[in-house]
Amino acid sequence: MTDFLLELRCEEIPARMQAGARADLEKLFRKEMGAAGVTLGQITVWSTPRRLALIANTLPDVTEAVSEETKGPATSAPDQALEGFLRKTGLTKDQLQVRDLKGKDTYFAVIEKPGRAVKDVLAEAVPAIVRAFPWPKSQRWGKASISTESLRWVRPLSGIVAILGEDLVECEIGGIVSGCATKGHRFHAPGDITIGGAHDYARKLSVCHVIVDHVERQDLIRDEARNAAAAAGLTLVEDEGLVIENAGLTEWPVPLLGRFDEAFLDVPPEVIQLTARVNQKYFVCEDGAKETGGGKLANAFVCTANIDAVDGGEGIVAGNRKVLAARLSDARFFWEQDKKTALSDHAKKLARITFHEKLGTVADKVERVAKLAEWLASEGIVPNCDPALARQAAELCKADLVTEMVGEFPELQGLMGGYYARAEGLPDAVADAIRDHYKPVGQGDDVPTAPVTVAVSLADKLDTLVGFFGIGEKPTGSKDPFALRRAMLGTIRIIRANGIRSPLNVVVRGAMGIYLDHFNSNHPIVVQGFGVTTTQADTFATEFVRFSVERLIVQMRDDGVRHDLITAAFEQALDSDLVRLLARVHALQAFVGSEDGTNLLAGYKRAANILRKEDWKAETGHPLTGDEDPLENVDDPDMQEVYAARSALGYEPEPAEKNLIDALDAAEPQSTAAVADEDFAGAMSALASLRAPIDGFFDQVTVNDTDANKRYSRLALLDRFRAAVHNVADFSRIEG
């Protein structure tokens, strides 16, 4: 058993491509080795800006013998088919096997391939891996690039190291011949380094100022950047994405702290951080710990050099400071210029931007969102919300899209609008709503709770959803070009977090009405593309609510709630009050997880199966005999109870049958009242009382009695039991 080292060296590999390249290298290597019958042990893949490296431990010296089978034509096929198969396999007819395949005698070619030296397999595999490498972007270079058959790589490939144990694996691709020598750090050790094998590869490179393990570089950057900030009495603003990116840009990372002019701190801190991060790949710092009153952005940055400078990095920091100052000067200019224009004037320019060809401009959307936000507040759907503030915030929520700052940094939309609103002296509630109305954007994003923000955020998402649903642009399969699933998930999270009790179908109809009023009054041509009319409102709202429940199922799955329980609760009442629906679901989950719930579910399914097999449809009345009952005039209360039961059924019920009737008489009103009070746990408790009676009924009563009257009555009783359960949830939707 020996270890194998493969290094593919080239010019700088973009940091964003390195993680994918590592995964692709391992995948391709496993594929080539697997096809050759090589059993693989541990594989390690590393990357730096200038190389991809793979180490495969404990490879065998010789591959296992393999047997390859190829199916040929049927024995009854024309001779030409057999001749072609023989040419393809290189065998003769008497070397073929005949097997029965689906009732037909069929030729099979079985070729036994003996084991091969793994070194020879690797010599063929390395060029195949290089040629098959799926870079997102690649290029050809040199004179050979005239041909489309020339090698493609992310950057010009300059060297291949391929060593099995201590032996060179000889191979060649695109004029590049494998060897045992690689290059060290571009400045510290630019000469050749002879590698003895996988065992000394990382050590020799480290001596030559190359940390080949990307994880080790990430740890170093993370720790040393924190230390550099702490040494200056500052706290590093953590940014794991920036750690990974800097590790992908350096082979010998050296984090260095620098300072910029304090005057730039007048610019919003998010702008400074984004400028430093996106344009320069710098970390930023805060002035001390938040718990001690700090936490404000400091005029400091941490850059990551790729060299141990003789001056301790002073020259590198000075150069980076100048570049950052130029970037921050641009940002400050944008900030000052944008503030000279009121947000309301910025908003007028939104009429130049098309939101969607069938839904009008962004200005049209803003007008609809403003009306909807005001309506949500005035109707009390969003409690404690001032309608005037909701409308004002909605009218300005997209204004920052036309500012210089957001034009430079689209990631700051909303956030900059909040800053501009505050600088303009608008109410804090309005500024906060503008800032946060896009939230929640992702799964981990904060959910708005301030009333004005909730109204604007809901209105914005509902306008998008209703609009695209109305023009038929609904998500299909894996396609969701307008991010409607995300918009619906955001809507659901806002409703849940704020306990909004208005049924979703009512809210949707309100949004749809605003759409129709807007289009009919302003855009009579565009309205032709909006495929919903007032007469279709109920169908549209139901479809919309079903889509919301589908998204709710996805969201609740992460919270450990079974999807079938959500469906069961929803189908029972088509409940569009999502808060009430979730309360029902949680009570149902607790119930079906109990012994009573499990047994009642089994009894329900048994009853439902019987009714389905009998094609049960409830009819009016019972086939009573009409004979006078001798117990009719008895005074004994116990006997009168027997008479009452007999009168209702036309016969005297069996004890287990009577127990189920009595249990239903008690449970039905209890569960109905509990559901009306939204006491779903109480409703489940009432259902639990049916567990023993339904079990006893099935154990002791013959449903399909030869007496037609008994058979009918018992089926009707099962139907009544099923209806009582359905009053709480559709148990037919529950799995198990």
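Things to note:
- Output for region 66-89, where each listed residue is modelled with pLDDT under 85 and either basic (Lys, Arg) or on the phi > 0 side of the Ramachandran plot (or both): none
- Any hit, region 97-110, residues being surrounded by 11 or more Cβ atoms within 10 Å (Cβ to Cβ), at negative phi and touching a residue at least 40 places away in the same chain (Cβ under 8 Å): yes
- Residue within region 103-115 that is outside any strand (DSSP E or B) and either in contact with a Pro (Cβ under 8 Å, 6 or more places away or on another chain) or within 30 Å of Leu157 (Cβ to Cβ) (or both) present: no
- For region 369-381, the criterion of being touching a His at 6+ places or on another chain (Cβ under 6 Å) and not in a helix (DSSP H, G or I) is met by no residue.
- Within the set Pro73, Pro127, the sole residue that is closer than 30 Å to Ala23 by Cα and in contact with a strand residue (DSSP E or B) (Cβ under 7 Å, 6 or more places away or on another chain) turns out to be Pro127.
- The residue pairs whose first member lies in region 501-514 and is at pLDDT 85 or above and assigned to a helix (DSSP H, G or I), whose second member is crowded, with 23+ Cβ neighbours inside 10 Å and aromatic (Phe, Trp, Tyr), and whose beta carbons are closer than 7 Å, counting only pairs six or more residues apart or on different chains, are Val508/Phe544.
So that you can scan it fast, the table gives a plain yes or no per residue for (1) buried (at least 20 other Cβ atoms within 10 Å of the Cβ); (2) in a loop (DSSP other than H, G, I, E, B):
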residue	(1), (2)
Ile160	yes, no
Arg186	no, yes
Ile193	no, no
Tyr201	yes, no
Ser206	no, no
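- Cβ-Cβ distances below 8 Å connect the following pairs, each with a first residue in region 1-16 that is crowded, with 18+ Cβ neighbours inside 10 Å, a second residue that is acidic (Asp, Glu), and a separation of six or more residues or different chains: Thr2/Asp61; Ala15/Glu245.
- Which listed residue is within 28 Å of the chain's Cα centre (by Cα), surrounded by 16 or more Cβ atoms within 10 Å (Cβ to Cβ), part of a helix (DSSP H, G or I) and on the phi < 0 side of the Ramachandran plot, from Lys439, Lys365: Lys365
- Within region 699-718, the residues that satisfy the criterion of being touching a residue at least 24 places away in the same chain (Cβ under 8 Å), outside any loop (DSSP other than H, G, I, E, B) and surrounded by fewer than 18 Cβ atoms within 10 Å (Cβ to Cβ) are Asp699, Gln700, Ala708, Asn709, Ala716.
- Complete set of residues in region 55-70 that are over 37 Å from the mean Cα position of the chain (by Cα), surrounded by 15 or more Cβ atoms within 10 Å (Cβ to Cβ) and either of a type in the set (Gly, Ala, Ser) or not in a strand (DSSP E or B) (or both): Pro60, Thr63
- A count restricted to region 348-362 and to residues that are more than 17 Å from Leu396 (Cα to Cα) and either charged (D, E, K, R) or buried (at least 19 other Cβ atoms within 10 Å of the Cβ) (or both) stands at 4.
- Pro427 vs. criteria out of contact with any Lys or Arg (no Cβ under 7 Å at 6 or more places or on another chain), surrounded by fewer than 19 Cβ atoms within 10 Å (Cβ to Cβ) and within 15 Å of Phe355 (Cβ to Cβ): no
- Residue in region 239-295 that is modelled with the lowest pLDDT, counting only those that are assigned to a helix (DSSP H, G or I) and hydroxyl-bearing (Ser, Thr, Tyr): Thr292
- Of the residues Glu424, Glu411, the single one that is among the acidic types (Asp, Glu), under 22 Å from Glu336 (Cα atoms) and at pLDDT 95 or above is Glu424.
- Some residue of region 122-143 being modelled with pLDDT under 85 and among the hydrophobic types (A, V, I, L, M, F, W, C): no
- Qualifying residue in region 214-228 (condition: of a type in the set (A, V, I, L, M, F, W, C), touching a residue at least 60 places away in the same chain (Cβ under 8 Å) and under 15 Å from Leu8 (Cα atoms)): no
- Between Ala483, Ala455, Ala487, the distinction of being in the same structural domain as Leu552 (by TED's automatic domain parsing), of a type in the set (Gly, Ala, Ser) and closer than 15 Å to Lys371 by Cβ belongs to Ala455 only.
- Filter result for Ala433 (small (Gly, Ala, Ser), surrounded by fewer than 16 Cβ atoms within 10 Å (Cβ to Cβ) and in contact (Cβ under 8 Å) with a residue 40 or more places away in the chain): no
- Residue check for Leu91: in a helix (DSSP H, G or I) and not assigned by TED's automatic domain parsing to the domain that holds Ala123: no
- Taking region 100-159 as the range and being of a type in the set (Lys, Arg) and closer than 19 Å to Ala53 by Cα as the test, the residues that pass are Lys119, Arg131, Arg152, Arg155.
- Selection status of Leu52, closer than 26 Å to Ile176 by Cα, outside any strand (DSSP E or B), under 48 Å from the mean Cα position of the chain (by Cα) and of a type outside the set (Val, Ile, Thr): no
The values are calculated or read from the model by the stated rules, or taken from the named source; none is laboratory data. If you're wondering where the values come from, they're calculated on a predicted model, not measured in any experiment. So basically every Cβ, Gly included, is an ideal-geometry build from the backbone, and we count neighbours across all protein chains shown.
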